[in-house]
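Report on one structure; see the data block that follows.
The values are calculated or read from the model by the stated rules, or taken from the named source; none is laboratory data. Note that the structure is a prediction, hence the values are computed from the model and not measured. For neighbour counting, all protein chains shown are included, and Cβ atoms are generated from backbone atoms with ideal geometry for every residue, glycine included. Please note that ligands, DNA and RNA were not included when accessible areas were found on the heavy atoms of the full protein model with its side chains. Shrake-Rupley method; radii C 1.70, N 1.55, O 1.52, S 1.80 Å.
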Amino acid sequence: MLTVALPKGELLKNSIRLLQTVGLDFSAFLDSGNRQLQITDASGQAKGLLVRGQDVPVYVEYGQAQFGIIGYDVIREKKPQVAHLVDLQFGYCRMSVAVKASSPYKLPVDLPPHSRVASKYVNCANEYFDSLDLPVEIVPLYGSVELGPITGMSEAIVDIVSTGRTLKDNGLVEITTLYESTARLIAHPLSYRLNTGNLYNLVERLREAVLTPA
Ligand code: PRP
């Protein structure tokens, strides 16, 4: 039986909807009364694991899940050893550098050397500022990154922007975009190559469902 790792949060609803189009029903994960982290789909064809987005590639790399759904942002940050199969075209967001609206820095290169930049995406932030040849101190945070500039702890942040509401409500503005992100279908490379549990066929049905939405 195939196992899929599904991300908690923003991508969960659309992930479950997509799997429903190929006959896999994990809607029990959306039931707020349900605390089960592993369920078998209603048709008995596959198992689902409900995990933090950042942990999806871990389960897929170790082969406990033969496939999974994650944001491209997680792929960029963690660089997991997985097969990247389909752009699922939902969960759009972008990785941006933002500062206080009142900041004198209008571009990342305006930031003084050794400025502090708060981020949950330490690798993406480091890579970006390395590419500018601008030495900065990345301050790793787990959430509410916008508080960095608000409290004066950091001059800037590198974070996900979706609707832009969080930045706006906290008086911050984007000064550049590093990349855009959408949800991606990933698989355990060997399982995909060996077509474990007819994974190849399932992936093709998912690809088709994305290309021809109902
Ligand atoms: C993410 C991100 C921003 C927010 C952006 O945070 O880190 O804070 O969403 O979304 P918006 O542009 O639609 O406002 P998340 O909701 O994951 O919470 P966190 O800060 O606790 O990680």
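Looking for something of a type in the set (Val, Ile, Thr), over 16 Å from Leu206 (Cα atoms), open to solvent by less than 10 Å² (accessible area, probe 1.4 Å) and touching a helix residue (DSSP H, G or I) at 6+ places or on another chain (Cβ under 9 Å) - is there at least one such residue anywhere in the stretch 28-50? No, the conditions are met nowhere in the stretch 28-50.
Filtering the stretch 112-150 down to residues that are assigned to a loop (DSSP other than H, G, I, E, B) and polar (S, T, N, Q), which residue is nearest to the ligand (Cβ to nearest atom)? By that ranking, first place goes to Ser144. Helices (runs of 4 or more DSSP H) fully within the stretch 151-214 that include at least 1 residues being within 15 Å of the ligand (Cβ to nearest atom) and in the same structural domain as Ser115 (by TED's automatic domain parsing): 165-169.
Figure legend. Inter-residue proximity from the stretch 107-133: first residues over 21 Å from Leu167 (Cα atoms) and open to solvent by 60 Å² or more (accessible area, probe 1.4 Å), second residues modelled with pLDDT of 95 or more and basic (Lys, Arg), beta-carbon distance below 9 Å, spacing 6+ or different chains. Indicated pairs: Asn123/Arg76; Asn123/Lys78; Asn123/Lys79; Glu127/Arg76.
The set of residues from the stretch 1-53 being touching a residue at least 24 places away in the same chain (Cβ under 8 Å), out of contact with any strand residue (DSSP E or B) (no Cβ under 9 Å at 6 or more places or on another chain) and among the hydrophobic types (A, V, I, L, M, F, W, C) comprises just one member, Val22. Within the stretch 57-70, the presence of at least one residue that is out of contact with any helix residue (DSSP H, G or I) (no Cβ under 8 Å at 6 or more places or on another chain), open to solvent by 60 Å² or more (accessible area, probe 1.4 Å) and part of a loop (DSSP other than H, G, I, E, B) is confirmed.
Has the stretch 23-31 got any residue that is modelled with pLDDT of 95 or more and touching a Lys or Arg at 6+ places or on another chain (Cβ under 8 Å)? Within the stretch 23-31 (the criterion being modelled with pLDDT of 95 or more and touching a Lys or Arg at 6+ places or on another chain (Cβ under 8 Å)), the answer is yes, since at least one residue qualifies.
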